[in-house]
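Read-outs: derived from the displayed coordinates by stated rules, not from any lab. Source: prediction; values computed, not measured. Cβ placement follows ideal geometry from the backbone for every residue including glycine, while neighbour counts extend to all protein chains displayed.
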Amino acid sequence: MCHTSIHRAETVTFALSRGRRKQMSDSEYGVRKTAVMLLKHGKTQEEVAQFLDRSPRWVAKWVKRFEKQSW
């Protein structure tokens, strides 16, 4: 199980909206935002992947991008 240390919902929401790319669809943005928020609330990457019907690798990729770039 892989836990992540994303803190403070306000910071997460701001970082996501500030870095939102134009080519990202609203639905994909929503999925990524949900993934980050679930991780922030203590879910494991595996739990988030299962909940969102995505692979654990997809979740790990977005965690890494969020932490590196705060997109």
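Summing Lys, Arg as +1 and Asp, Glu as -1, what charge do residues with Cβ under 15 Å from the Cβ of Arg57 carry, Arg57 excluded?
+2
What distance in nm separates the simple spin-label points at Lys40 and Asp26, each placed 7 Å from Cα in the Cβ direction?
2.1 nm
From the Cα gyration tensor of the stretch 27-71, with a ≥ b ≥ c the square roots of its eigenvalues, which class applies: rounded if a/c is under 1.5, or else prolate if a/b is larger than b/c, or else oblate?
Rounded, because the longest to shortest axis ratio a/c is under 1.5.
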